[in-house]
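Report on the following structure.
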Amino acid sequence: MKTPKKTTPPRLIQCATPWSMVHYPSAKHEWSLERKMKAIKAAGFDGVAAFINPETQAIASKLGLVMMGGFDGSSVVTARKQIIAQRDLGGYYMNVQLLDHDTPPAVAAKLAVKLIKMSDELGVGVHIETHRDTATETPEKFDEIARLFQRATGKLMPVTWDHSHFAVSKHILPQFYSARLLAWPKLIQKSHLFHLRPFNSQHCQIPVTNGRGKLTPEFKDYLAFVEDLFTLWLQGPEPRGELWTCPELGMSHGYHVSTNPLPWPDAIRARKEYAGAWQKALRRAKKR
């Protein structure tokens, strides 16, 4: 009788971004990069989401943090240099924002094919992000790019899922988050990168807490969606391996509203809440 193979349980890897600590604790006394990364470690995160360079990698290595990299997807030549530089410093998963808001889907899909082919050849895991001001900024544009990618390659496109931009572009209400935003189950299950930016129907980034430790109603609505998202991912083809996530809460580009709590303490709380949603999703996935 054969002994059943032992399977490693899926792991949730949570990476914080230094973008959450721009002007933290104040613009005048902003922390150094090393202090930010020490704070990431102390808060219980597994890694850092940032461009991987010798400085970030040296600090991360010293602290025992993994690195989630990324680059600008506007040129194959530039992308190749940036991928190799980060790969040679130990990076594997890398996020790319694809071209511009007015790039035709056919043009964007051709570049996506080249970038993912190059990713495979270089031995890394590049994912195309759903993001504002890029070729994937709306569900319709993204859907066409993904369709053209699959037609050209016979494969599903690796995607970094940030559902906030889709939610806002369609003003999706909380009761419809999962029905409308989990409409690409195979592509979601193919992914190993999620940017978990809390959103509602009107704002790409909503507060996690009220600034006094209590979760906002808007975040509770979003957290229910995250649990559904995790459950869907866990129900995908085996082996599931690792899911790398980032609580994408930042200070610039209009994401942070001046009356909201600062993003970094909220990112710490989000990490804890996402870990809880992951445990619930694991139990739900086992019952399927």
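A few comments on the model shown:
- Ordering Cys246, Cys204 by the number of other Cβ atoms within 10 Å of each residue's own Cβ, fewest first, gives Cys204, Cys246.
- Counted residue by residue at 0.36 nm each, then reduced by the alpha carbon distance between them, the extension gain from Ala42 to Leu173 reaches 43.6 nm.
- Built amide H within the under 5 Å cut-off of Ile52, gap 5+: Gly70
- In order along the range 161-173, phi translates into HN-Hα couplings of 8, 10, 7, 4, 6, 5, 4, 6, 5, 10, 6, 6, 7 Hz, rounded to whole numbers, per the Karplus curve 6.51 cos²θ - 1.76 cosθ + 1.60 with θ = phi - 60° and x for Gly and Pro.
- Mean ellipticity per residue at 222 nm, deg cm²/dmol - from DSSP H runs of n ≥ 4 across the chain, formula -39500 (n - 2.57): -13500 deg cm²/dmol
- Over the range 136-288, the ratio between the Cα radius of gyration and 2.2 N^0.38 Å evaluates to 1.05.
- Taking amide H positions as modeled 1.01 Å from N, with prolines and chain starts lacking one, the residues under 5 Å from Gln14 and 5 or more places away or on another chain are Asp46, Gly47, Thr245.
- Using only Cα coordinates, the Kirkwood hydrodynamic radius of the range 1-108 works out to 16.1 Å.
- Counting all C-alpha pairs of the range 121-171, share separated by more than 18 Å (%): 33
- Per-pair calculated FRET efficiency, R0 = 45 Å: Arg151 and Glu34 via Cβ, rounded to 0.05: 0.45
- DSSP beta bridges confined to the chain are antiparallel in about 5 percent of cases.
- Comparing Arg147, Arg35, Arg197 in a Gaussian network model of the chain, where Cα atoms under 10 Å apart are tied by springs, the biggest mean-square fluctuation is seen for Arg35.
- The range 144-159 and the range 39-107 have Cα centres separated by 22 Å.
- Using distinct alpha-carbon pairs, which all enter the 1/r mean, Kirkwood radius of the chain in Å: 19.5
- Volume of the convex hull of the range 204-268 (Cα atoms only), normalised per residue: 101 Å³.
- Our Cα-only numbers for the range 136-196 put the radius of gyration and Dmax at 11.7, 36 Å.
- Here the Gaussian network model covers the chain, with springs between Cα atoms less than 10 Å apart; of Glu144, Glu121, Glu273, Glu121 fluctuates the most.
- By the beta-carbon count within 10 Å of each Cβ, the least crowded to most crowded order of Asp46, Asp120, Asp102, fewest first, is Asp102, Asp120, Asp46.
- The 3J(HN,Hα) values that the Karplus relation (6.51, -1.76, 1.60; θ = phi - 60°) gives for the range 273-286 are, in residue order, 5, 5, 4, x, 5, 5, 5, 5, 5, 4, 5, 5, 5, 5 Hz. Gly and Pro appear as x.
Throughout, read-outs are computed from the coordinates displayed, never taken from laboratory work. None of the values given here were measured: they were computed from a predicted structure. With ideal geometry, Cβ positions are generated from the backbone for all residues, glycine too; neighbour counts draw on all protein chains shown.
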